[in-house]
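Read-outs: derived from the displayed coordinates by stated rules, not from any lab. It should be emphasised that the depicted structure is a prediction, and the values quoted were computed from it without experimental measurement. Here the Cβ positions follow ideal geometry from the backbone for every residue, glycine too, while neighbour counts run over all protein chains shown.
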Amino acid sequence: MDESYAAVDLGSNSFHMIVANLVDGHLQVIDRIKEMVRLASGLNDKQELSEESMQQALECLQRFGQRIREIPHVNVRAVGTNTLRQARNGGVFLSQAHSALGHPIEIIAGREEARLIYSGVAHSVYDEVNKRLVIDIGGGSTELIIGRGFDTYCTESFYMGCVNMGRRFFEDGKIKAKKMRKAILFAMQELESIETAYKKMGWDHAIGSSGTIIAIRDVVQAQGWCDSGITASALTQLLEALIAIGDSALINFSGLSERRKPVFASGVAILCGVFEILNLEKMDVSEGALREGLLYDLIGRVHNEDIRDKTIMAVAQRYSVDMEQANRVRDTAENFFHQVKNDWELDEKKDLKLLMWGALMHEIGLSVAHNQYHRHGAYLTANSDLAGFSRQEQMKLAMLVRSHRRKFPLEEFESVAISTRTSAIRLCILLRLAVVLHRSRSNSGLPEMRISVNKNRVDLAFPSGWLDKHPLTLVDLNTEQSFLQAADIKLAFN
């Protein structure tokens, strides 16, 4: 039977949804929906979303939600990008958005957005031989990626998109030569930090993706300024034409939608800046973008090819984690998980993955210092670029690393969403117990242990006489008992 999947992208300018069936390992897109919500223009000076912009966004998500109601929950993924990264009142919006869509919205970091965009382009324009520079201009950010095949070498995201650049340089709608030059120079200044590294890495082809670049391609080709893609000379002609028109409201290019007009000049300015600083002569255009990348990533997760597993192993390697110890802790934590998952209502897929990653990462802070290494590890986990992870997942993982030893920081779990807080605390208890039992770092395995739970009570049963023969483990368990008791968790063992 064909399986349906859906990816939702809450961009700063438009919201997109793509629905596809997986048939014999290939995606068949059955529906694409796009609504220009312009969320970024609802951000005020205090970086807060206006009521009006939130309302418009929620109505759009309700329509999306109706379309995907029949699709299995695990086959749907929704992400928010730049504007939701910026919005101070994003938390309020996210809980309402969850209700409207029927699925949680994950916030992804700029580099993760760049990785997913590249994946979407790579699946749409497959080429395993040539190195490609992929450029994506969104409403709130611009991503530049160099990669080959499905692998990326450089990923960068810049806080400039057609909506926020429009507000900065073309607020009154007037398009003057001086303003245009200022906007182009601003874009070049933003990109200056990567110019040398990107030119050194080099590329064979440049490919653009997403609405802004597709709109520019459609205009320059309709005007007969170039036959395919976008050339530097066509872009110059477009720039001159815009300055001659002089006002966003008067733009009248065939094929350019009314809603795109207010942000068109700023999008052109960013692309001119990219062309100029990277000395581009021509760019092809791909129909694939973030949502296609999201879809392929999601299918990978469902079919056990999860990029996040690779990321965790790479991080463990980078920080020289003692993998023998990490694996011992992971195996014990997994054993405990299977014994308590029903009583504690833990999710076999999501929660178990988080626990395993936490076990593999729990000692990365030792690469900074032994003292307070759980805090160092949490900082590294929360602030590293972790491919495949949303911000919410990264924060939960950091919380596990932070809380795996010493005092149980119950108050810090308040930063985790209420819906997942209890499960996060429970995973943390399982990780702590696994860490305590492997404190000796010995290769001789642990005995068969039973763990049973009832709400905030945890019982560990050891074989008769085992704890008497392992007095240090008994002392460690007594210490852990008092740490947990302070957090209102009762640990009993015999």
- Message: Tell me the volume per residue, in Å³, of the convex hull enclosing the alpha carbons of the stretch 93-230.
- Response: 159
- Neighbourhood charge, 9 Å Cβ-Cβ cut-off, centred on Ser119 and excluding it, Lys, Arg +1 and Asp, Glu -1: -1
- Query: Roughly speaking, what is the stretch gain from Arg450 to Asn342, that is 0.36 nm per residue apart minus the C-alpha to C-alpha distance, in nm to one decimal?
  - Reply: 37.4 nm
- Per-residue ellipticity at 222 nm attributable to helices in the chain (runs of n ≥ 4 DSSP H, -39500 (n - 2.57) apiece, nearest 500 deg cm²/dmol) works out to -15500 deg cm²/dmol
- Query: Which of the GluC sites (Glu not before Pro) found in the stretch 328-398 are in a DSSP loop and have at most 12 neighbouring Cβ atoms, other than their own, within 10 Å?
  - Reply: Glu345, Glu348
- Item | Shape of the stretch 306-445, Cα gyration tensor, a/c cut at 1.5 | rounded
- Report the calculated FRET efficiency for Gln62 and Asn443 (r = Cβ-Cβ distance, R0 = 51 Å), to the nearest 0.05. 0.35
- In Hz, Karplus ³J(HN,Hα) per residue of the stretch 37-52 (6.51, -1.76, 1.60; θ = phi - 60°; x = Gly, Pro): 9, 6, 4, 4, 6, x, 7, 8, 4, 8, 6, 10, 6, 6, 4, 4
- Note on the structure: Most packed first (mean Cβ within 10 Å per residue), the peptides 264-273, 154-163 order as 264-273, 154-163
- Task: Return the sequence-ordered ³J(HN,Hα) values of the stretch 137-145 in whole Hz as given by the Karplus equation 6.51 cos²θ - 1.76 cosθ + 1.60 applied to θ = phi - 60°, using x for Gly and Pro.
- Result: 9, x, x, x, 8, 10, 10, 10, 9
- Message: Students often forget the sequence filter, so: which aspartates and glutamates lie under 20 Å Cα-Cα from Lys182 once same-chain residues fewer than 8 apart are removed?
- Response: Glu171, Asp172, Glu190, Glu192, Glu195, Glu240, Asp247, Glu276
- Residues of type aspartates and glutamates that Lys455 reaches as a straight line, Cα spacing below 14 Å, ignoring anything fewer than 8 places off in the same chain: Asp343, Glu345, Asp488
- Task: Could you grab the relative contact order for the chain? Cα pairs under 8 Å, six or more apart, rounded to a whole percent.
- Result: 12
- the stretch 297-331 and the stretch 443-478 have their Cα centres apart by a whole-number Å value of 27
- Item | C-alpha long axis of helix 264-277 to longest principal axis of the chain, angle in ° | 80
- Task: Round to a whole angstrom and tell me the spacing of the C-alpha centers of the stretch 157-225 and the stretch 349-414.
- Result: 38
- Task: For Val129 paired with Gln237, estimate the spin-label separation in nm (one decimal), with each label point 7 Å from Cα along the Cα-to-Cβ line.
- Result: 3.1
- Task: Express the Stokes-Einstein translational diffusion coefficient of the chain in µm² s⁻¹, to the nearest whole number, given a Kirkwood radius over alpha-carbon pairs, 10 °C and a viscosity of 1.306 mPa s.
- Result: 64
- Message: Please report the net charge: other residues with Cβ closer than 11 Å to the Cβ of Val458, K and R +1, D and E -1.
- Response: +2
- What's the lysine pair count for the stretch 306-445 at a Cα cut-off below 23 Å, pairs eight or more apart or interchain? 12
- Starting with the fewest neighbours, write out Leu290, Leu397 ranked by other beta-carbon atoms found within 10 Å of each beta-carbon. Leu397, Leu290
